[in-house]
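Worksheet for the structure shown next.
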Amino acid sequence: MTFISCNCIINAVVYGVILVKIRWREVEDRPNGLYLHDTLDLSEIQRENPIVIRMFPATAQIHAIVLAGSMHVTGQVSADAVYRCSRCLTDFAGELSAELDERFVRRAVTAEEEEENFQSVQGDTVDLYPVIYESLTLALPYQPLCNEQCAGLCSSCGTNLNLNSCSCDTTPIDPRLADLKRLLTDSE
């Protein structure tokens, strides 16, 4: 298995948007398909998602093959990222990865193909950037945690409970009795 980098793939920046396109004809001419290994700058994910503090270049390993008039693109995209913990607000490193499994046709998609998630393309190129971007965005953790046992922040004083303890009274109070507690605390 040989990997090709940037010979059959157009990887350019136009107006701040990265273009990742595969030429249909070059994939069709190869009976075993085309194997691609490339590094992509997907920092747009960082700009659009506040939980991602830093996004490092992504590594994409993609296999594209044309069978029965449709192009089947499979592979994996992964990148190292720095997230902000949703409990304690500290930054931590983690990996972001997604599997690709897409099918494209160069005509209008039929109802049956639409159910199988085929996508229609115009011309001789298939733009993979939206597919890669969407796959990685959907793979983002909903509430990233630095670790499963993260204690978070104190709701009263804001102390990071992973590093220090505090003496705040965090006993839950029935909201209907909150005014009564305030009266008792003010009278002391």
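Numerical summary
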item: Helix axis angle, 129-139 relative to the chain longest principal axis, alpha carbon, degrees; result: 30
item: For the chain, calculated [θ]222 nm from helices alone, where every DSSP H run of n ≥ 4 adds -39500 (n - 2.57); result: -5000 deg cm²/dmol
item: Degrees separating the helix 178-187 axis from the principal Cα axis of the chain, which is the longest one; result: 40
item: Fraction in percent of alpha-carbon pairs per bin - 10 Å, the chain; result: 8, 27, 23, 15, 10, 9, 6, 2, 0
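Since every read-out is calculated from the coordinates, none of them should be taken as a lab result. Everything numeric in this text was worked out from a predicted model, so none of it was measured.
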